[in-house]
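Accompanying notes for the structure given below.
The values are calculated or read from the model by the stated rules, or taken from the named source; none is laboratory data. None of these values were measured; they are calculated from a predicted model. Virtual Cβ from ideal backbone geometry, glycine too; neighbours counted across all protein chains shown.
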Amino acid sequence: MMMCPKCGAEMPDNTCTCSNCGEVLTSISSNTHGGDSIILNMHHTGNITDNALLCMSYLGFLVIVPLMLCKNTEFARFHINQGLVLFITELTYCALFLFTRWLLLAISPWLSVIVAVMAAAGIVFVVYAAMGIAGVIRGETRELPVIGSCKIIKY
């Protein structure tokens, strides 16, 4: 039998996830001498289904799905918060962009160059979403640049 390093629960030797707390584990030595196996913590607690749902938290309004279904771990709450902050920032950017576009084009059609640059700056949100999804897949809790320090949900 192995012991979970996080909660101390006993687990069968052939498992890689603690049934008590959900910690993902990998055995790095076999239990040949009757003692406990040594296990290595692998960043993130959860399963593949939770990861798929957490990836949705970075896809705009789909943040609602993981918010309702899988907010039971600190890892999940972290990524839901990051996705929610990203979504709110995207909405704010879109509102400001639409107003500024209307204002600049009302002043002069030649200002459409500025509008094009502002529209191209929106690619930052795609990059942030990709960074967040990559973090979920790798099991990391790394904040998004600039906006990641905002906390809406406690984790």
Only one of MET68, MET11 is over 14 Å from the mean Cα position of the chain (by Cα), at pLDDT 70 or above and under 30 Å from VAL126 (Cα atoms), namely MET68
Look at region 125-142 and say how many of its residues are among the charged types (D, E, K, R) and either under 14 Å from PHE87 (Cα atoms) or touching a Gly at 6+ places or on another chain (Cβ under 9 Å) (or both).
1
Go through (1) under 13 Å from the mean Cα position of the chain (by Cα); (2) at pLDDT 95 or above one by one and return the number of the condition GLY148 breaks.
(2)
For VAL117, state whether it is assigned to a helix (DSSP H, G or I), more than 16 Å from the chain's Cα centre (by Cα) and of a type outside the set (Asp, Glu).
yes
Matching residues, region 95-138, being out of contact with any helix residue (DSSP H, G or I) (no Cβ under 9 Å at 6 or more places or on another chain) and in contact (Cβ under 8 Å) with a residue 12 or more places away in the chain
ARG138
